[in-house]
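Scroll down for the structure; my scribbles are underneath it.
The values are calculated or read from the model by the stated rules, or taken from the named source; none is laboratory data. Every value quoted in this text rests on a predicted model; they were computed, and no experiment measured them. Here Cβ is always computed from backbone atoms with ideal geometry, including for glycine, and neighbour counts include all displayed protein chains. Ligands, DNA and RNA are excluded from the accessible area calculation, which covers all protein heavy atoms including side chains. Shrake-Rupley method; radii C 1.70, N 1.55, O 1.52, S 1.80 Å.
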Amino acid sequence: MPFRKIVSKELSDLLKSLAHKHRLQIVEELGVRELDVNALQSILDINHSNVSQHLSVLRAHRIVVERREGRYVFYRLRHPELATWLLEALKFLADDQSELDGIREAIDSARQAWSLSSEISDKQV
């Protein structure tokens, strides 16, 4: 069954590319709107170089695409539903971490913020 090996490897590569907190935050932010490196730098509170490195990983795995406007480069998700998929994944964290109130509160806050961002984005389209 070589197709299973191929698909498993591709899915594994996708999950590895998302396996960093800043890349997950980038996906969440780009799920709402298109942003440039400077905006992401401000949101993530990390340096320009780190943002660029994370975007490079996400570009290499075809998660984000870029659009040039003069000297600015704007990024967006290739498949915006990826942000929704990550939002749905929060339920697995809530189930596994139910005994830790701090994590549960953070998950609930993230769920509300991401859902609100998604609703705003839907209304703008």
Can you give me the relative contact order of the chain as a percent, contacts being Cα pairs under 8 Å and 6 or more apart?
-> 25
For the chain: lysine pairs with Cα atoms under 27 Å, gap of 8 or more or different chains, count?
-> 6
Segment 35-92: relative contact order as a whole-number percent, Cα under 8 Å and 6+ apart = 29
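Taking the mean number of other Cβ atoms within 10 Å as a proxy for protection, how do you rank 36-43, 7-14, 106-113, 24-31 from highest to lowest? Please report the intermediate quantities before stating the final value.
Details: 36-43: 15.2, 7-14: 10.9, 106-113: 13.4, 24-31: 20.2.
Final packing ranking: 24-31, 36-43, 106-113, 7-14.
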Solvent exposure of the chain as accessible area per residue, Å², 1.4 Å probe = 69
Lys and Arg at +1, Asp and Glu at -1: neighbours of ASN50 with Cβ under 13 Å from its Cβ sum to +1
Under 10 Å from the Cβ of LEU35, count the other residues' Cβ atoms, weight Lys and Arg +1, Asp and Glu -1, and hand me the total.
-> -1
Counting only protein heavy atoms with a 1.4 Å probe and every protein chain in place, the carbon and sulfur fraction of the accessible surface of the chain in whole percent equals 54
